[in-house]
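Please treat every number below as a calculation from the coordinates, not as lab data. In this text, all values refer to a predicted model and were calculated from it rather than measured experimentally. Every residue, glycine among them, receives a Cβ derived from its backbone with ideal geometry; neighbour counts consider all protein chains shown.
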Amino acid sequence: MAKNISFTIKYWKQNGPKDKGHFDSHQMKDIPDDTSFLEMLDILNEELIEEGKEPFVFDHDCREGICGMCSLYINGTPHGKTERGATTCQLYMRKFKDGDTITVEPWRSAGFPVIKDCMVDRSAFDKIIQAGGYTTVRTGAPQDANAILIPKQDADEAMDCASCIGCGACVAACKNGSAMLFVSSKVSQLALLPQGRPEAAKRAKAMVAKMDELGFGNCTNTRACEAVCPKCETIANIARLNREFIKAKLAD
Amino acid sequence: MWLFKSSIGRKLIMSISGIALVLFLTFHGCMNVVAIFSKDAYNQICSLLGSNWYAILATAGLGALVAIHFIYAFILTFQNRKARGNNKYAVTDKPAKVEWASQNMLVLGIIIVLGLLLHLFNFWYNMMFAEIIGQPTMGGYEATDGFSYIQQTFSNPVFVTLYVIWLIALWFHLTHGIWSSFQTLGVSGHVWFNRWKNISYAWATVVILCFLAVALAFAICPDSLGNISGKVVPFAM
Ligand code: HEM
Ligand code: SF4
Ligand code: FES
């Protein structure tokens with residue numbers, strides 16, 4: 001049975017990257033606790049519009065945990081305190097209590113400038129992918145699935161790395177503004193498979209160079225990223241990227 | 001050069017200089033323990049490491065390592081602050097798996113440098129430096145009489161306290177630093193991550209206990225230490 005909760009929501013308002021920004025707050029009344037967090041924000045916006053106020057801007061798309069667009073820093077945790085392995089859109093109001101104050105902030109990192117309120121520009125991630133997160137191998141017509149043998153363990157590990165949805169929570173959580181968990185996951189998903197090996201060295205160098213050029217920080221292994229990653233990526237990926245990168249540079 | 005120009009390269013500099021310093025500390029810690037048992041043996045090590053060309057060369061190398069590690073600590077931290085940006089979160093919630101040390105390496109490092117300066121003043125200045133400038137008894141004892149300098153230093157409770165604070169900072173720095181440097185080198189993964197982490201804690205604890213044992217033993221019972229006497233001849237010089 002759903003029960004209703006009332007709480008205060010403090011949400012970040014900011015007009016573009018240069019604006020200083022500030023918090024506004026709003027009293028939410030009798031919200032059923034089976035409402036999703038984003039539905040709750042929809043209700044907030046309807047109430048704001050009714051009051052003649054500007055609605056609160058936040059990012060979202062699929063609302064089913066697979067696109068990586070939703071990106072809210074809720075009560076000090078990227079994506080909020082979901083069961084790990086879930087994004088903001090998979091957070092439900094039953095995780096909160098009657099009378100709570102819920103603080104909603106954008107990803108705060110120099111690599112992700114604020115577009116408006118809690119919507120940030122994460123196109124830096126696209127640029128990193130464009131630098132090398134693909135294969136140019138001509139695969140020709142589809143071949144028999146068993147033609148290239150891939151150990152189950154490698155296939156599973158590659159799939160786990162590929163499940164990174166590029167949400168940016170890792171960067172948001174990192175005191176160094178480092179994008180290493182994202183980049184290492186995207187390097188790993190290909191480095192682990194035979195189809196990705198021919199360009200592995202080139203890819204690792206190109207993606208790290210782009211990441212550095214875009215101003216992301218130097219990873220100091222604090223593990224804040226893996227603690228908040230909705231797809232449970234681990235720093236084993238970062239070790240793999242370090243290995244790929246160092247090997248590639250030493251071979252030059 | 002990629003070592004200086006890429007983030008992973010800069011981390012590699014941090015990692016390799018860090019490991020080299022850990023190896024040195026391990027040797028230094030083992031060497032110190034000798035003082036608890038034998039004044040003769042300890043002072044013999046001191047004279048072996050006096051102002052010979054190889055000892056001076058090694059000391060210069062160590063100084064360079066500390067300088068590199070120190071400079072890169074500031075370069076990395078400066079770049080990371082910039083990458084993080086100026087906007088602070090209003091609410092933060094540190095996940096349990098994030099070690100405190102991992103987020104405070106620079107502060108711990110600065111404490112370590114201050115301790116290092118004190119240490120150089122207490123020992124190196126009166127020992128190697130005194131020999132180099134040709135005034136071997138400058139500090140009140142023979143330059144090779146490390147044992148007496150230990151006794152003198154730790155008879156002062158202020159120094160004992162400062163050294164204990166220093167060692168605690170070093171312990172925290174190492175518990176994160178050791179596994180972090182292997183992670184940076186890329187020799188880690190799902191299995192080795194936990195192994196390196198346990199090795200870090202064990203290694204840091206053993207090394208720090210070696211130093212702590214000497215400091216505390218000399219603070220508590222300076223006169224009953226180092227009594228095993230006789231000439232030790234480790235190898236013909
Ligand atoms: C004898 C002294 C020291 C030893 C044995 C030592 C050892 C280490 C090791 C092994 C690492 C890990 C490297 C890595 O993460 O790849 C490290 C990191 C670090 N050290 Fe030291 N260190 C010492 C002194 C210092 C000093 C004097 C500073 C200066 C302020 C310092 C600042 C740092 C910082 C900021 C890091 C973190 C960098 C990172 O994780 O990438 N350390 N240290
Ligand atoms: S590694 Fe995790 S936190 Fe980082 S972008 Fe990918 S899914 Fe998001
Ligand atoms: S909106 Fe697509 S993952 Fe949340």
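Please give the charge dipole size of the protein assembly as shown, origin at the Cα centre, charges +1 on K and R Cβ atoms and -1 on D and E Cβ atoms. Round to the nearest 20 debye. Don't jump to the answer; show the numbers that get you there.
Working: 45 positive and 41 negative charges, 214 e Å.
It works out to roughly 1020 debye.
Taking amide H positions as placed 1.01 Å from N in the peptide plane, with prolines and chain starts having none, which residues 5 or more places from A:Cys118, or on another chain, fall under 5 Å of its amide H?
Those qualifying (amide H under 5 Å, at least 5 residues apart or on another chain) are A:Val57.
If R0 is 56 Å, what FRET efficiency do you get for B:Trp100 and A:Ala141 from their C-beta distance, rounded to 0.05? Walk me through the numbers before you get to the answer.
Numbers: r = 56 Å, r/R0 = 1.00.
Working from the Cβ atoms, E equals 0.50.
Classify chain A from the C-alpha gyration tensor, please: rounded if a/c falls under 1.5, else prolate or oblate depending on whether a/b exceeds b/c.
On the way: a/c = 2.49, a/b = 1.88, b/c = 1.32.
Prolate is the answer for chain A, as a/c is 1.5 or above and a/b outweighs b/c.
Tell me which of A:Pro32, A:Ile49, A:Cys89 sits at the most positive position along the dipole axis of the stretch A:4-105, charges placed on C-beta atoms (Lys, Arg +1; Asp, Glu -1).
A:Cys89
How large is ³J(HN,Hα) for each residue in the stretch A:219-224, as worked out from phi by the Karplus curve 6.51 cos²θ - 1.76 cosθ + 1.60 (θ = phi - 60°), to whole Hz, x for Gly and Pro?
Values, residue by residue: 5, 10, 6, 7, 6, 4 Hz.
Can you compute the charge dipole magnitude of chain B about its Cα centre, using +1 on each Lys and Arg Cβ and -1 on each Asp and Glu Cβ, nothing else charged? Give it in debye, rounded to the nearest 20. Could the numbers behind the result be given before it?
On the way: 13 positive and 7 negative charges, 260 e Å.
About 1240 debye.
Using 1/(1 + (r/R0)^6) with R0 = 25 angstrom and r between the beta carbons of A:Asp34 and A:Lys127, what's the FRET efficiency to the nearest 0.05?
With a Förster radius of 25 Å, E is 0.05.
For the stretch B:33-73, what class follows from the C-alpha gyration tensor (a ≥ b ≥ c being the square roots of its eigenvalues): rounded when a/c is under 1.5, otherwise prolate if a/b is larger than b/c, else oblate?
Numbers: a/c = 6.80, a/b = 1.95, b/c = 3.49.
Taking the square roots of the gyration eigenvalues as a ≥ b ≥ c, the stretch B:33-73 is oblate.
Quantify how strongly other chains surround peptide A:169-182 by giving the mean number of their Cβ atoms within 10 Å of each of its Cβ atoms. Can you show the working numbers first?
Details: counts 0, 0, 2, 1, 6, 3, 9, 10, 7, 4, 2, 3, 0, 0.
The shielding value for this peptide is 3.
Give a quick list of trypsin sites (Lys or Arg not before Pro) in the stretch A:1-73 that DSSP marks as loop, anything other than H, G, I, E or B, with at most 13 other Cβ atoms within 10 Å. Intermediate results must be reported in sequence, preceding the final value.
Working: sites: A:Lys3, A:Lys10, A:Lys13, A:Lys18, A:Lys20, A:Lys29, A:Lys53, A:Arg63; in loops: A:Lys3, A:Lys18, A:Lys20, A:Lys53, A:Arg63.
Sparse-neighbourhood loop trypsin sites (Lys or Arg not before Pro): A:Lys3, A:Lys18, A:Lys20, A:Lys53.
Go through the stretch A:87-104 residue by residue and turn each phi into a ³J(HN,Hα) via Karplus (6.51, -1.76, 1.60, θ = phi - 60°); whole Hz please, and just put x for glycine and proline.
9, 3, 5, 9, 8, 10, 5, 5, 7, 10, 10, 4, x, 4, 10, 10, 9, 10
Whole-Hz ³J(HN,Hα) for each residue in the stretch A:226-241, computed from phi via Karplus 6.51 cos²θ - 1.76 cosθ + 1.60 with θ = phi - 60°, x for glycine and proline: what do you get?
For the stretch A:226-241, the Karplus-derived couplings read 5, 5, 10, 4, x, 10, 6, 5, 10, 6, 4, 4, 5, 4, 5, 5 Hz, x marking Gly and Pro.
Mind giving me the FRET efficiency for A:Asp98 and B:Ile199? R0 is 51 Å, r the Cβ-Cβ distance, nearest 0.05 is fine. List each step's numbers first, then the result.
Working: r = 48 Å, r/R0 = 0.93.
The formula returns an efficiency of 0.60 here.
Suppose every K and R has +1 on its Cβ and every D and E has -1 on its Cβ; what is the size of the dipole of the stretch A:4-105 about the Cα centre, in Debye to the nearest 20? Each step should come with its number before you reach the end.
Working: 12 positive and 19 negative charges, 105 e Å.
Its charge dipole is roughly 500 debye.
GluC sites (Glu not before Pro) within the stretch A:1-80: which are DSSP loop residues with at most 15 other Cβ atoms inside 10 Å? The partial results should precede the final answer.
Values: sites: A:Glu39, A:Glu46, A:Glu47, A:Glu50, A:Glu51, A:Glu64; in loops: A:Glu51, A:Glu64.
In loop regions of the stretch A:1-80 (DSSP not H, G, I, E or B), the sparsely surrounded GluC sites (Glu not before Pro) are A:Glu51, A:Glu64.
What does the C-alpha gyration tensor say about the overall shape of the stretch A:1-83? Classify as rounded when a/c is under 1.5, otherwise prolate if a/b is larger than b/c, or oblate. Mind showing how you got there, number by number?
Working: a/c = 1.66, a/b = 1.14, b/c = 1.46.
Oblate, since a/c reaches 1.5 and b/c is not below a/b.
Can you work out D for the stretch A:138-233 in µm² s⁻¹ from Stokes-Einstein, where Rh is the Kirkwood radius over C-alpha pairs, the temperature is 37 °C and the viscosity is 0.692 mPa s? Please report the intermediate quantities before stating the final value.
Details: Rh = 14.6 Å.
D, rounded to a whole number, is 225 µm²/s.
In percent, what relative contact order does the stretch A:4-105 have, based on Cα pairs under 8 Å that are 6 or more apart in sequence? If you can, show how the numbers build up before the last one.
Numbers: 175 pairs, mean separation 34.6, N = 102.
Relative contact order here is 34 percent.
Is there a simple number for the mean count of other chain Cβ atoms within 10 Å of the Cβ of residues in A:241-247, and what is it? Walk me through the numbers on the way to the answer.
Details: counts 2, 11, 6, 2, 7, 11, 1.
Rounded to a whole number, the mean comes out at 6.
Once you average over the residues of A:104-111, how many Cβ atoms of partner chains fall within 10 Å of each Cβ?
Values: counts 2, 6, 2, 1, 7, 4, 7, 3.
Mean partner-chain Cβ count within 10 Å for A:104-111: 4.
Taking the Cα centre of chain B as the origin and placing charges on Cβ (Lys, Arg +1; Asp, Glu -1), which of B:Asn198, B:Phe24, B:Phe121 is farthest toward the positive end of the dipole?
B:Asn198
If amide hydrogens are placed 1.01 Å from N in the peptide plane, which non-local residues have theirs closer than 5 Å to the one on A:Thr103?
Amide H neighbours of A:Thr103: A:Lys10, A:Asn75.
One quarter of the convex hull surface, Cα atoms only: what value does that give for the protein assembly as shown in nm²? Each step should come with its number before you reach the end.
Values: hull surface 125.8 nm².
Quarter of the Cα hull surface area: 31.4 nm².
When 1/r is averaged over all different Cα pairs and the result inverted, which Kirkwood radius in Å belongs to chain B? Could you put the intermediate results ahead of the total?
Numbers: mean 1/r = 0.0507 Å⁻¹.
That comes to 19.7 Å for chain B.
In the protein assembly as shown, if the dipole is taken from +1 on Lys/Arg beta carbons and -1 on Asp/Glu beta carbons about the Cα centre, which of A:Pro194, A:Cys229, A:Cys174 is farthest to the positive end?
A:Pro194
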